[in-house]
Amino acid sequence: MNSKRITSKPELIIEAGQTEQQYWKDLWRYRELFYFLSWRDILVRYKQTAIGMLWALIRPFLTMVVFSVIFGNLAKLPSEGTAPYPILVFAALLPWQFFASALSECSNSLISNANLISKVYFPRLIVPASSVIVSFVDFLISGMILLGLMAWYNFVPSWRILSLPLFVAIAFAASLGVGLWLAALNVEYRDFRYIVPFIVQFGLYISPVGFSSSIVPEQWRLLYYLNPMVGVIDGFRWAILGGESKLYWAGFTLSLGLVALLLVSSIWYFRKVERTFADVI
């Protein structure tokens, strides 16, 4: 009796929404690429510089000194409670420089990796997300200045410092949300490469980096929080300064909602135009 060999053939199952579900699985499958791109950009960032990562300390420190002299000594603007003015400024510089650096890196990330995007498939969301990680490393390095300032002024934070990781996560979400919008728009409209530096420079002046947001008149405060970075900065100061530092909860809630809207809408738009990146770049 002859036995017949039965060979099984692979089946291709097409289901509605399978591509969308597979995309988010691919983000995890390609996690090593995410690590590689992040580490590569970290190494390249300060390659062939004389002092390397010290630039991550020098730039925010000098900015803090200038703002403290102009707003604290010359303009005589008040601090929050008993906190020294340099600590007030640097508590805002930490999230702001993280946000500004992430915007600059994200907006050009797809263009900088054009050769990789046009040749190999992987979830394109990995590219701008890895750029935010590079800015986050600078953020962690700059945090050493804050520790030094606290030691210099004998400033001891309150229990609120335990909530700082929450506000760091909000800053990360804001940076990724705006960064994804700019990354996608920069591919379709190259004019955005000139708009991003303007956004960063203009945002520095309309955000409470060198001063406390409490000096904004009461009738304008809620409107002021339409800038989502106002809520992020105030959250950092509330956690770091403690004491008499207060959080304007109505405005903070508004900023938090805007950050969530930016993040969700940016992912939606990025996914919508992602399939055209290889053709446009």
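Dipole of the chain computed with +1 at Lys/Arg Cβ and -1 at Asp/Glu Cβ about the Cα centre; of Leu116, Gly231, Ala184, farthest Cα towards the positive end is Leu116.
Which residue, Ser68, Phe136, Leu254, has the largest displacement toward the positive end of the dipole of the chain when charges sit on each Cβ (Lys, Arg +1; Asp, Glu -1)? It is Phe136, whose Cα lies furthest towards the positive end. Taking 0.36 nm per residue of separation and subtracting the Cα-Cα distance, full extension of the segment from Tyr194 to Asn73 would add 40.1 nm. Projecting the Cα atoms of Ser207, Tyr269, Phe36 onto the charge dipole of the chain (Cβ charges, centred on the Cα centre) puts Phe36 farthest toward the positive pole.
The charge dipole of the chain, taken about its Cα centre with unit charges on the Cβ atoms of Lys, Arg (+1), Asp and Glu (-1) only, comes to about 700 debye.
For the chain, the fraction of 1.4 Å probe accessible surface lying on carbon and sulfur atoms is 66 percent.
Where in the range 175-197 is the amide nitrogen less than 20 Å from a point lying 7 Å along the Cα-to-Cβ axis of Asp26? 180-181, 183-185, 187-188, by backbone N distance to the label point.
When the Gaussian network model of the chain links Cα atoms closer than 10 Å, the mean-square fluctuations of Ile58, Ile42, Ile111 top out at Ile58. With helices as the sole contributors, the chain gives -22500 deg cm²/dmol at 222 nm; each DSSP H run of n ≥ 4 counts as -39500 (n - 2.57), and the sum is divided by every residue. Total lysine pairs in the chain at Cα distances under 26 Å, for residues eight or more apart or on different chains: 5. Taking Arg275, Arg31 and ordering them by how much accessible surface each has at a 1.4 Å probe, largest first, produces Arg275, Arg31. Here each label is just a point 7 Å from Cα along the line to Cβ, and for Ala169 and Ile215 those points are 3.3 nm apart.
The values are calculated or read from the model by the stated rules, or taken from the named source; none is laboratory data. Keep in mind the model is a prediction, meaning the values are calculated, not measured. Neighbour counts are summed over all protein chains in view; Cβ atoms, including those assigned to glycine, are modelled from backbone coordinates with ideal geometry. Just so you know, the surface numbers come from the protein's heavy atoms only, side chains and all, with ligands and any DNA or RNA stripped out. Shrake-Rupley method; radii C 1.70, N 1.55, O 1.52, S 1.80 Å.
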